[in-house]
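Remarks on the structure that follows.
Computed from the coordinates by the stated procedures, all read-outs in this text should not be read as laboratory data. Computed from a prediction, not measured in an experiment: that's the story for all the values here. Neighbour counts run over all protein chains shown; Cβ positions are idealised from the backbone, glycine included.
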Amino acid sequence: MRTPVGEIAAPMFPDGIGWLNAEPIQMDRMLGRPVLLEFFDVCRVSSLHTLPYVKAWATKYAGLRVISVHTPGYPPSRDVDVVRAAVQRLGIEHPVVLDHQHAIWRLYGNKGWPGRYLWDKKHRLFEIHYGEGAYRETEEAIQEQLGVEGELMEPVRPEDEPSAMLVVPTPEQEGAYSGPYQAGAVWAVLEGSGTIRVNGDDYDVGYTGAHELVEHGVSTEGVLELQIGAGVTCHATTFTPGLAP
């Protein structure tokens, strides 16, 4: 979504906040280059779906500064060691600021994960988008700010196609859920390590974060049987949209 030109200035980052992959960055020291800032959570499926685009733009556009703001939405996301391990596992190389007290979130009045903000070279808000999607629009806005033209990223997932018809899934359930659902895939936010059982099959949990347990490809009605073993805590069971059959 395009915003009124020149009306909203980028907030400064609070002092004393932690960073990964970079020394502390100040917005006023980046004047002259556009900044793409996205709120994310390493345990949140929607953030993982958006991440390939954010990483690719950080690599593809040398004149763009990309910053991910990690604001936790689940208990394990508040653990800096969990976040640090996830940043390495997910191959995130651009700067990540640790907003574990929601200070930046409040400054931005952010409304959810992911929340994507593109600031122009004078650090006036140029585009904003909440949730997944609008990847083509954001990349076109990046190119406009940089004064370049080029091929845009192909959709990473079939669900990312602008013309894709998606079916609204079962809402996220707190903790480990067993029962009927409709979704394109089933995920769980898991903490610890050990073995769980998904529809009668063993699944080994080797890291804290979001794990895809069932993948259908299209929106499907199913029944989930989820049993959590020793050493593992399930914080949420998440159902993601699937393509209309």
Want the number for residue 21 to residue 195: 0.36 nm per residue separation, take away the alpha-carbon distance, what's left? 59.4 nm
Modelled FRET efficiency - R0 35 Å, residue 221 with residue 59, Cβ distances, 0.05 increments: 0.35
With a cut-off of 13 Å, note down the residues of the range 184-224 whose backbone N falls inside the zone around a label point 7 Å from the Cα of residue 168 toward its beta carbon. none
Which percent of the Cα-Cα distances in the range 168-245 go past 13 Å? 62
Per DSSP helix of 4 or more residues, -39500 (n - 2.57); summed, then divided by the residues of the chain. What does that give at 222 nm, rounded to the nearest 500? -5500 deg cm²/dmol
If amide H atoms are modeled at 1.01 Å from N in the peptide plane, then the residues at a separation of 5 or more from residue 185, or on another chain, having amide H under 5 Å from its own are 216, 240
Just to be sure I understand the model, the point goes 7 Å from the Cα along the line to the Cβ. What's the resulting residue 143 to residue 156 distance in nm? 2.0
